[in-house]
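A.B. asks: Handing you this structure, nothing more for now.
The values are calculated or read from the model by the stated rules, or taken from the named source; none is laboratory data. Every value quoted in this text rests on a predicted model; they were computed, and no experiment measured them. Note that each Cβ is placed from the backbone with ideal geometry, even for glycine, and that neighbours are counted across all protein chains shown.
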Amino acid sequence: MKIVVLNGSPKGGQSVTLQYVRYAARKFPDHQFEILPIAQTIRKLEKDEKALALVIDAVKAADAVLWSFPLYFLVVCSQYKRFIELVFERNLQDAFAGKYAASLSTSIHFFDHTAHNYIHAVCDDLGMNYLGAYSAAMYDLMKKPERARWLGFVGRFLDGVSRRVPTARVYPPLVPSAFVYTPQPAAAKVNAMGKKILILKDGQAPLGNADAMATALAAHFGAAAEVVNLMDVDIKGGCLGCCRCGLDNICQYSGKDGYIDFYNEKVKKADVVVFAGAIHDRYLSSRWKLYFDRSFFNTHVPTLSGKQIAFLISGPLGQIANLRQILEAYGEFQECNPAGIVTDESENAAQIDALLADLASSLVRPEAEGYAPPMTFLGVGGRRIFRDEVWGMLRFVFQSDHRYYKKHGLYDFPQKNYKARRMNALMMLLTKIPPVRKKFLKILTEQMVKPLKHVAENR
């Protein structure tokens, strides 16, 4: 069989993910793996119709498609995202319809599930037969058991394709809306209380109602709000995955475009940041993805800590739980206060006006200043992944992260709590004695709540 591999790494042949494909190709010599450097050549594919046609022809001639990509900021990289947009914009879906597909990623397992959910949903929208995802840690290929696991996945994938096994759609089709939001003039201005308010919009067509929502929100603040169209920001290209920034937060693009200065001078210095964008396929636009990817020059350090943020989303966000989780995870990782998400899904201009008015006042409330809600699993789990990886294998690469984590006490390994370790060791021994064990079980719930009761009643 012929398997077309859509390589989603901007590093092309130097891609970590691609080495997994090459290994599989060598171990399954009876099958042809055709590797296409999609992310690396995206500008050519955008401009050269013949080059894009060659990719589409390869997909048409294939028995199956493998979406192969590194994880970039909770999803795929902006270059890969742009290719997916091109498929829909230029009505090339028929080439993918009916093809079998699977996805492969390499990462440190930070929200790899949202990336695979995204690709799976895209495959469903293209009418493909999705056979599963494989999420590898970056250096799993170095380990014999993990090589065997990867080959097991590939073997099952190839077997499923050869037998043309039935598949079921998991993600229902999105229901589009033709609603046009026309805001009414703001009844009263909101006192910005000296705060710097930055509203970012992407400007990539189709805009939906995102532009109107951004304008309406800005009107509540008058001159205190600055609205920036990301299409006006000088961004020469997407993140290259070179990790040069890991040493000292100096990006490959430093001095070559205006993004870094924009982020440092506008985004970091704002008190309130609002993101306004329309849904493109199952995410926001590739321009927005470009913005998020390029912010990686800060590496794994929160740069919006203590700020108020909000999202204005045009499109069926309620139908895309995966995207909502991505937005929520972004807020938690950044250690900021997500003041809210306003969408146009109600198709009611008066209600949207009211929601935007309430959001405007919420963004500048004094009691919200510096507030960040406690993290859920999204933030706690993500932070611990970064903590462990930066402390371990990636410390020499992400030295800037290491300095920040050390300075801010993020190396909070519970194993270092020697008092707890001694207590646990003692109690584990004592509870092996039947009378002690019996008494322990009797008073367990009471003792668990006792210190909390003391605080609740006396502090």
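A.B. asks: Within the range 324-335, can you find the residues that are surrounded by 18 or more Cβ atoms within 10 Å (Cβ to Cβ) and touching a residue at least 60 places away in the same chain (Cβ under 8 Å)?
C.D. replies: Hits for the range 324-335 are I326, A329, Y330.
A.B. asks: Just need a number here: residues in the range 275-296 that are surrounded by fewer than 22 Cβ atoms within 10 Å (Cβ to Cβ) and out of contact with any Leu (no Cβ under 9 Å at 6 or more places or on another chain).
C.D. replies: Total satisfying the criteria: 2.
A.B. asks: Quick check, is V75 at pLDDT 95 or above and closer than 30 Å to V301 by Cα? Before you say what the answer is, go through the steps one by one.
C.D. replies: Details: at pLDDT 95 or above: yes; closer than 30 Å to V301 by Cα: yes.
Answer is yes for this residue.
A.B. asks: Considering each residue of the range 108-137, count those that are under 19 Å from Q93 (Cα atoms), crowded, with 18+ Cβ neighbours inside 10 Å and more than 13 Å from the chain's Cα centre (by Cα), and give that number.
C.D. replies: 11
A.B. asks: Now for a different question. Name every residue in the range 230-242 that is under 27 Å from A357 (Cα atoms) and surrounded by 16 or more Cβ atoms within 10 Å (Cβ to Cβ), in order of residue number.
C.D. replies: Correct list: L230 only.
A.B. asks: Moving on to the next point. When residues of the range 260-274 are filtered for being in contact with a helix residue (DSSP H, G or I) (Cβ under 7 Å, 6 or more places away or on another chain) and in a helix (DSSP H, G or I), how many remain? Steps first, answer last, please.
C.D. replies: In the first step, residues of the range 260-274 are kept if they are in contact with a helix residue (DSSP H, G or I) (Cβ under 7 Å, 6 or more places away or on another chain); the result is 260, 263, 272-274.
Now drop any that are not in a helix (DSSP H, G or I), which leaves 260, 263.
The number of residues fulfilling the criteria is 2.
A.B. asks: Let me ask something additional. Looking at K307 and the list (1) out of contact with any Asp or Glu (no Cβ under 7 Å at 6 or more places or on another chain); (2) closer than 24 Å to T376 by Cβ; (3) buried (at least 23 other Cβ atoms within 10 Å of the Cβ), which single condition is not satisfied?
C.D. replies: Result: K307 passes all but (1).
A.B. asks: Mind telling me which of the residues R395, R437, R421 ends up being under 26 Å from the mean Cα position of the chain (by Cα) and not assigned by TED's automatic domain parsing to the domain that holds I341?
C.D. replies: Matching residue, one of R395, R437, R421: R395.
A.B. asks: Among Y134, Y181, which is touching an Asp or Glu at 6+ places or on another chain (Cβ under 9 Å) and of a type outside the set (V, I, T)?
C.D. replies: Y181
A.B. asks: Give me the helices (runs of 4 or more DSSP H) completely within the range 346-459, filtered to those with at least 3 residues that are more than 30 Å from A187 (Cα to Cα) and modelled with pLDDT under 90, ordered by residue number.
C.D. replies: Where helices (runs of 4 or more DSSP H) fall fully within the range 346-459 and carry at least 3 residues being more than 30 Å from A187 (Cα to Cα) and modelled with pLDDT under 90, they are 418-430, 434-458.
A.B. asks: Filter the range 255-275 for residues that are small (G, A, S) and free of Cβ contacts under 8 Å to residues at least 40 places away in the same chain and give the result. Full working, then the answer.
C.D. replies: Taking the range 255-275 as the starting set, the residues that turn out to be small (G, A, S) are 255, 258, 270.
Correct list: G255, G258.
A.B. asks: Residue by residue through the range 202-259, note down the ones that are outside any helix (DSSP H, G or I) and small (G, A, S). Explain how you work it out, then say what you get.
C.D. replies: Taking the range 202-259 as the starting set, the residues that turn out to be outside any helix (DSSP H, G or I) are 202-209, 225-229, 233-244, 249-258.
Scanning the range 202-259 gives G203, A205, G208, A225, G237, G238, G241, S254, G255, G258.
A.B. asks: Would you mind stating whether A270 is of a type in the set (A, V, I, L, M, F, W, C), in contact with a Pro (Cβ under 7 Å, 6 or more places away or on another chain) and modelled with pLDDT of 95 or more?
C.D. replies: no
Quick grid of which residues meet (1) under 25 Å from T114 (Cβ atoms); (2) surrounded by fewer than 23 Cβ atoms within 10 Å (Cβ to Cβ); (3) not assigned by TED's automatic domain parsing to the domain that holds F111:
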position	(1), (2), (3)
G12	yes, yes, no
R26	no, yes, no
F33	no, yes, no
W67	yes, no, no
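A.B. asks: So, one more: Just give me the residues in the range 91-125 being farther than 30 Å from V390 by Cβ, in contact with an Asp or Glu (Cβ under 9 Å, 6 or more places away or on another chain) and part of a loop (DSSP other than H, G, I, E, B), in sequence order.
C.D. replies: Once the filter is applied, which keeps residues that are farther than 30 Å from V390 by Cβ, in contact with an Asp or Glu (Cβ under 9 Å, 6 or more places away or on another chain) and part of a loop (DSSP other than H, G, I, E, B), the range 91-125 yields only K99.
A.B. asks: Restricting the range 12-40 to residues that are over 29 Å from the mean Cα position of the chain (by Cα) and either in contact (Cβ under 8 Å) with a residue 40 or more places away in the chain or assigned to a helix (DSSP H, G or I) (or both), which is nearest to S78 (Cα to Cα)?
C.D. replies: A25
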